[in-house]
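Input: a single structure, listed below in structure tokens.
The values are calculated or read from the model by the stated rules, or taken from the named source; none is laboratory data. Treat the numbers as computed from the prediction; the structure is a model and nothing was measured. Surface accessibility is based on the protein's heavy atoms, side chains included, excluding ligands, DNA and RNA. Shrake-Rupley method; radii C 1.70, N 1.55, O 1.52, S 1.80 Å.
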Amino acid sequence: FGRAVALACERRLELKSTLRAAKELRAEQATGRTLNSDEQQKVDSLQTLREQLRALPKFETAAGPSSDDTPTWPSDPCDLAEQYLAFARTHRPTLRCVVFHLRRICRDGLIKFQLRETLEKMSTSVSEDVRMSPISNTALKSAGALIRKLRDYTEGRATPPTPAATAVATPAVSAASASAAATAVASAADRAKGALATASPEDLAWAAEACAKKRKDFEMMQVRKAKRKGLPEDHFLKLGRAPPTVADVARARAMNTDERMLFWREHYGQHCIMYHMEGKCEVAVAWGCGFLHEAAV
């Protein structure tokens with residue numbers, strides 16, 4: 001019975017995901033976009049998908065939600081996190097997925113006991129290939145150890161770091177982090193400049209396609225965010241959308257780096273600051289840029 005429930009839940013999630021994608025395509029079609037044959041087939045299958053979703057068994061019992069047949073989940077975040085890790089050992093989601101879900105499950109405790117950064121470093125300290133690959137046994141052990149530490153702090157079996165100890169360690173850690181961040185940014189900038197300097201017509205065509213895809217992904221993400229908050233679908237797409245003025249571009253260029261970034265995010269957050277400050281976007285050619293590249297008005 002448990003396997004039947006799991007399979008039905010998996011199929012339900014799959015159908016809901018396909019339905020969402022088909023609805024988004026239908027909405028785009030309504031705005032005038034021409035769909036290709038595969039996309040049109042997905043739109044045409046909307047009714048069939050709804051019928052398949054309704055036909056899935058509910059597995060409800062006469063006793064209702066309190067029945068022994070109804071799965072129950074732990075109320076304690078650490079218990080739930082350990083149960084999640086047990087599933088992860090069997091089904092092997094990606095490292096990125098595990099870090100994301102543990103952060104959501106134990107959010108308050110991770111922040112309270114200053115363990116959130118430790119969890120996130122499991123993902124940020126490795127390559128993209130490792131991050132998007134099935135989680136390894138080593139990473140699972142590290143995640144389990146972190147949850148056990150969080151439980152010890154929560155239940156009083158261990159003493160969390162004191163603010164004083166943290167303050168003493170901060171300067172060295174901050175200096176090391178700042179140095180590493182500066183090195184990473186400089187390396188990325190060098191790669192981007194090199195890509196722009198040697199870009200062929202094919203590279204530029206690829207860049208245009210990559211930028212369009214990133215922009216589309218960003219817009220769809222903002223629409224979903226607005227729907228979750230009960231706002232008009234274009235609410236977040238309007239923020240920072242107006243193109244910058246020539247005067248504001250000149251004003252931003254005269255600011256220091258921190259002031260410039262704050263000003264730009266507040267007023268023109270959807271526009272590429274590199275494009276307006278330097279006259280070109282090196283990131284676009286290197287790996288695609290989801291910000292807008294529109295001339296100042």
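Brief remarks on what is shown
- Within the option set 74, 65, being of a type outside the set (A, V, I, L, M, F, W, C), modelled with pLDDT under 85, over 23 Å from the mean Cα position of the chain (by Cα) and not in a loop (DSSP other than H, G, I, E, B) holds for one residue only, 65.
- Every residue from the stretch 22-41 that is outside any loop (DSSP other than H, G, I, E, B) and either open to solvent by less than 60 Å² (accessible area, probe 1.4 Å) or closer than 21 Å to residue 233 by Cα (or both): 22, 23, 24, 25, 26, 27, 28, 29, 30, 39, 40
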